[in-house]
Each structure stands twice: as C-alpha cells, then as structure tokens.
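Following: one structure in structure tokens, then a few remarks.
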Amino acid sequence: MCRAPKPWFNENILDLKRKTRKLERMWRKYKQPDLYELFKIARNKYTFELNAEKQRSLSQKVIDFHGGSKKLYKFVSELTGKNTDNPMPEGESDAG
C-alpha cells in the first residue's frame, strides 16, 4: 500500500534529498569534517526548499478556495488532523 503523493514533493525536492543522503552516507563512511560541512549545507538547502515548496503549494490551495469558506475550513481541519466525525453509531435513542 503506497501513500498518496504530496503536491509539494516534486522532482527538484527529490533530487535535493538524494544529494543530501549521498553526502550523508559519504560523511558517515569516511568521517571527514569537510564532508560533514558539505552534508550540512545540502541538508539545510533541502529543508529550506522543502518548506518553501510546501508553503507555496498550501498557499495556492487556500487561494483556490476563494469564496468557499466551508471547503476552506474542511481543508484546514484535515491539515491540522482534527477529526470531526461522530464516533457514536447511528441509531435510535434508548431513553425514549
């Protein structure tokens, strides 16, 4: 079972992640300080680009909800993970 692809995870982000992991493996293998510095630079660039792309993607999605506040609030609740479904089963009341 695969996860649904995230809209902000594009080819550029994937390439940065691969480069970062490659530098991390090299640093862990050879334990050289210069490799660690290269790894840190790549890691910071990857994190910055990922967060920027995520912000652009989510901002665009919010803009697309122009005039639809119900859809916007549903989207925000999905992002924050708040479950609004009623856990109680449907049925008749026992009190009546």
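The values are calculated or read from the model by the stated rules, or taken from the named source; none is laboratory data. Just so we're clear, the structure is a prediction, and the values are computed from it rather than from any experiment. Virtual Cβ from ideal backbone geometry, glycine too; neighbours counted across all protein chains shown.
Worth pointing out:
- Close pairs (8 angstrom Cβ cut-off, 6 or more residues apart or separate chains): of a type in the set (S, T, Y) in the range 1-28, modelled with pLDDT of 95 or more and surrounded by 14 or more Cβ atoms within 10 Å (Cβ to Cβ) anywhere: T20/F39; T20/A42; T20/R43; T20/Y46
- Here I41 passes the criteria (1) surrounded by fewer than 15 Cβ atoms within 10 Å (Cβ to Cβ); (2) in a helix (DSSP H, G or I); (3) among the hydrophobic types (A, V, I, L, M, F, W, C); (4) under 20 Å from the mean Cα position of the chain (by Cα) except the one numbered (4).
- Each residue in the range 1-60 was checked for being in contact with a helix residue (DSSP H, G or I) (Cβ under 7 Å, 6 or more places away or on another chain) and charged (D, E, K, R), and 7 of them qualify.
- Some residue of the range 22-38 being surrounded by 14 or more Cβ atoms within 10 Å (Cβ to Cβ), out of contact with any Phe, Trp or Tyr (no Cβ under 6 Å at 6 or more places or on another chain), at pLDDT 95 or above and more than 29 Å from R56 (Cβ to Cβ): yes
- Residues within the range 44-56 that are surrounded by 12 or more Cβ atoms within 10 Å (Cβ to Cβ) and not aliphatic (A, V, I, L, M), tallied: 7
- V76 falls short on exactly one of the conditions (1) at pLDDT below 95; (2) under 22 Å from the mean Cα position of the chain (by Cα); (3) farther than 22 Å from W8 by Cβ, and that condition is (3).
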